[in-house]
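A.B. asks: The structure's right below; bear with me while I get my questions together.
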Amino acid sequence: MPAPLIYLDNNATTPCDPRALEVMLPYFFEMPGNAASRNHPFGWMAEEAVKQAREQVALLIGAETRELVFTSGATESDNLAIKGVFELYRRKGSHIITLKTEHKAVLDTCRHIEKMGGEVTYLDVDENGLVNLGALEAAIRPDTILVSVMWANNETGVIQPIAEIGAICDKFGVLFMSDATQATGKIPVNPREAGVHLMAFSAHKLYGPKGIGALYISRRAPRVKVAPIIDGGGHEQGMRSGTLNVPAIVGFGKAAELAAQEMPQESRRLRGLRDKLESTLLGRVEEAHLNGSRENRLPHVSNIAFRYAEAESVLMTFNQRIALSSGSACTSASIEPSHVLTAMGRSADWAHSALRFSLGRFNTEEEVEQVITAVAEGVEKVRGMSPVWELFKEGNLDG
Ligand SMILES: *Cc1c(COP(=O)(O)O)cnc(C)c1O
C-alpha cells in the first residue's frame with residue numbers, strides 16, 4: 001500500500017470536518033425543502049436549520065444574525081462588499097484604499113472599480129508585511145468611502161493591526177471592510193469590537209464545505225448597506241438573491257460552532273507543530289529565511305524562502321506524497337512571483353524560492369516530521385544541481 005498523502009496546504013482549503021459533513025447529509029434527501037417555502041413542513045424545517053446555522057456563525061464572530069448575508073464564498077463576499085459599497089455610496093465619493101498584499105478577490109474587484117470610474121490607492125507594506133498606519137491615515141481623502149484591509153494574509157499568515165485601522169476609519173467617518181477569510185475560526189475575530197463594518201469569510205477555510213461563505217454587514221452604529229450584485233427574489237434582506245444552499249449553510253454553522261469550541265486548544269497545538277517545523281528547517285537548512293512578521297502571525301502558518309532553490313523544483317521532489325504550496329494557491333498556476341512577497345520588498349528570485357506551510361486540524365506530529373525531512377532533502381537536492389548555488393557557495397554572488 002502506498003504511504004498516505006500528507007496535506008499541508010490548509011490555507012488553500014481545509015478538509016470538511018466529518019462532524020460538519022454529518023449534520024449536512026439529511027438536508028440533501030430527507031429534508032429537501034427550500035428555506036423560502038412558507039406553506040409546508042419541508043420549508044419550515046429548512047428555514048429552522050438556516051436560522052440555527054446563522055446563530056452558530058454569528059456567535060463565532062460576535063455578530064447579530066441579521067448582520068450576516070450568506071454568499072457562495074469569500075470571493076463573492078469581497079465582491080459584494082466593495083462593489084456594493086461603491087454603488088451605494090458613490091454620491092459621497094469614489095475613492096477606495098487597500099493593500100498591495102490583498103487576496104486577488106479584493107485586488108481584482110478593485111481593478112473593476114477603477115474601470116467603473118472609481119479611484120483606488122494600493123498601499124505598500126513594510127518588509128514584515130504590515131501596513132503603515134501613518135501612510136494609511138495620510139491616504140484618506142474627503143472622497144474616500146472605503147478602506148479594505150485583510151485580517152490575516154493567506155500566503156504569510158501576517159495579521160494586520162485591525163483595531164487600530166478601525167479607529168482611524170472611525171475618526172474620518174470612512175467605512176472599513178476586512179477580508180477575514182484566513183483569520184476567522186483560527187484566532188478570535190470580532191468585527192464590532194475592531195471597528196470593522198463589512199467582513200468577508202468562507203466555510204471551506206474553517207473545516208466547513210466549499211461554496212458557502214458570508215458577508216458581515218454592520219446593521220447598527222453604523223447601519224451599513226450594500227447594493228446587491230445578484231438580483232432576483234430578494235433573499236438575504238435583498239442583498240443576495242438566490243435559493244439558500246441549506247446543506248452547506250448547515251455545515252458552515254456546525255464548522256463555526258466547532259471552531260469556537262476548539263480554537264484555544266487547536267491553535268496551541270498547531271502553533272507547537274508549526275514552531276517545530278519552522279525552527280528545525282531554519283536551523284538545519286542554510287539560507288532559509290522566514291517571510292513575514294514573526295510575532296503578528298497566524299499560529300498555523302509559516303512561509304520560508306530557501307534561497308537559490310526554486311520552490312517549484314523543490315516541490316517536485318516530493319509532491320507525489322506531500323501537498324504544499326509555493327506562494328498562494330491562486331497564483332501558483334502562473335509564473336509570476338508572489339505579489340505578496342514582492343510587495344514586502346523581496347526580489348523575484350527570493351519570492352520564487354518560497355514555500356508556504358499551512359497546518360490544520362488533521363495534521364499530526366509524525367506528518368510534520370516527514371515534511372521537515374522531505375523539504376530539507378529536497379532543497380539540498382535542488383541546490384546540488386544549481387550553478388547559482390555553487391556560485392553563492394564560492395562567494396561569487398552577492399545577495
Ligand atoms: C481563500 C480566500 C479567498 C477566497 O475564498 P473562496 O471562499 O474560495 O471564494 C478570499 N480571501 C482570502 C484571504 C482567502 O484566503
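The values are calculated or read from the model by the stated rules, or taken from the named source; none is laboratory data. Just so it is clear, the structure is predicted and the values come from calculations on it, not from any experiment. A quick note on method: Cβ atoms are made from the backbone with ideal geometry, for glycine too, and the neighbour counts reach across all protein chains shown. Just the protein is used for accessible areas: all its heavy atoms, side chains included, with ligands, DNA and RNA removed. Shrake-Rupley method; radii C 1.70, N 1.55, O 1.52, S 1.80 Å.
A.B. asks: To the nearest whole percent, what portion of all C-alpha pairs in region 231-340 is separated by more than 22 angstrom?
C.D. replies: Summing the P(r) tail past 22 Å for region 231-340 gives 56 percent.
A.B. asks: Kindly rank 99-105, 15-21, 231-237 from highest to lowest mean number of other beta carbons found within 10 Å of each residue.
C.D. replies: In descending order of packing, they fall as 99-105, 15-21, 231-237.
A.B. asks: Further, regarding this structure: What is the chain's relative contact order, in percent, from Cα pairs under 8 angstrom and six or more apart in sequence?
C.D. replies: Over the chain, the number comes to 22 percent.
A.B. asks: Among DSSP beta bridges lying fully in region 177-271, give the percent that are antiparallel, nearest 5.
C.D. replies: 60
A.B. asks: Assigning unit charges at the beta carbon (Lys, Arg +1; Asp, Glu -1) and nothing else, what dipole magnitude in debye, to the nearest 20, does the chain show about its Cα centre? Mind showing how you got there, number by number?
C.D. replies: On the way: 41 positive and 49 negative charges, 241 e Å.
I would put it at about 1160 debye.
A.B. asks: Have a look at the DSSP beta bridges in region 18-258 and tell me what percent are antiparallel, nearest 5.
C.D. replies: Approximately 45 percent, going by the DSSP bridge assignments.
A.B. asks: Still on this structure, please answer the following. To make sure I understand the rule: partners must be aspartates and glutamates, Cα under 14 Å from the Cα of LYS100, and not fewer than 8 residues away in the same chain. Which ones qualify?
C.D. replies: Leaving aside aspartates and glutamates fewer than 8 places away in the same chain, those within reach of LYS100 are ASP108, ASP124, ASP126, GLU127, GLU155, ASP179.
A.B. asks: Hey, another quick one. Determine Rg/Rh for the chain; Rg is computed over alpha-carbon atoms and Rh is the Kirkwood hydrodynamic estimate from the same atoms.
C.D. replies: With Rg and the Kirkwood Rh in hand, the quotient comes to 1.00.
A.B. asks: Now, a different point. Amide H neighbours of LEU123 under 5 Å, counting only residues 5+ apart in sequence or on other chains, H built in-plane at 1.01 Å?
C.D. replies: When sequence neighbours closer than 5 places are left aside, the close amide H contacts are THR98, LEU99, LYS100.
A.B. asks: What list of ³J(HN,Hα) couplings, whole Hz, do you get for region 268-281 from phi and the Karplus terms 6.51, -1.76, 1.60, once you set θ to phi - 60° and write x for glycine and proline?
C.D. replies: So the Karplus estimates, Gly and Pro as x, are 5, 5, 5, 4, x, 5, 4, 5, 5, 4, 5, 5, 5, 5 Hz.
A.B. asks: Residue by residue through region 215-229, what is 3J(HN,Hα) from phi via Karplus (6.51 cos²θ - 1.76 cosθ + 1.60, θ = phi - 60°)? Round to whole Hz and write x for glycine and proline.
C.D. replies: Calculated HN-Hα couplings, in order: 10, 7, 10, 4, 10, 8, 6, x, 8, 9, 10, 10, 6, x, 9 Hz.
A.B. asks: If amide hydrogens are placed 1.01 Å from N in the peptide plane, which non-local residues have theirs closer than 5 Å to the one on ARG297?
C.D. replies: When sequence neighbours closer than 5 places are left aside, the close amide H contacts are ILE159.
A.B. asks: Could you give the longest part of the chain that holds none of the chymotrypsin sites (Phe, Trp or Tyr not before Pro) found in DSSP loops with at most 11 neighbouring Cβ atoms within 10 Å?
C.D. replies: Values: sites that count: PHE28, PHE29.
Longest stretch, sites excluded: 30-399.
A.B. asks: A further question follows. Pick out, in residue order, every one of the trypsin sites (Lys or Arg not before Pro) in region 251-344 that is DSSP loop and has at most 11 other C-beta atoms within 10 Å; say none if there are none.
C.D. replies: Sparse-neighbourhood loop trypsin sites (Lys or Arg not before Pro): ARG294.
A.B. asks: So, one more: Starting from region 366-399, pick out the GluC sites (Glu not before Pro) whose DSSP state is loop and whose Cβ has at most 15 other Cβ atoms within 10 Å.
C.D. replies: Values: sites: GLU366, GLU367, GLU369, GLU377, GLU380, GLU390, GLU394; in loops: GLU394.
Within region 366-399, the qualifying GluC sites (Glu not before Pro) (loop, at most 15 other Cβ atoms within 10 Å) are GLU394.
A.B. asks: If amide H atoms are built 1.01 Å from N in the plane of the peptide, which residues on other chains or at least 5 residues away come under 5 Å of the amide H of SER326?
C.D. replies: Correct list: ARG356.
A.B. asks: Which of the trypsin sites (Lys or Arg not before Pro) across region 50-92 are loop residues per DSSP, with 13 or fewer other Cβ within 10 Å?
C.D. replies: Sparse-neighbourhood loop trypsin sites (Lys or Arg not before Pro): ARG91.
A.B. asks: Just to check I understand the Karplus step: with θ = phi - 60° and J = 6.51 cos²θ - 1.76 cosθ + 1.60, what whole-Hz values come out for region 370-387, glycine and proline as x?
C.D. replies: In residue order, the calculated couplings are 5, 5, 4, 4, 4, 6, 4, 5, x, 5, 4, 5, 5, 5, x, 9, 9, x Hz.
A.B. asks: Per residue, how much accessible area does region 18-258 have with a 1.4 Å probe, in Å²?
C.D. replies: The answer is 40 Å² per residue.
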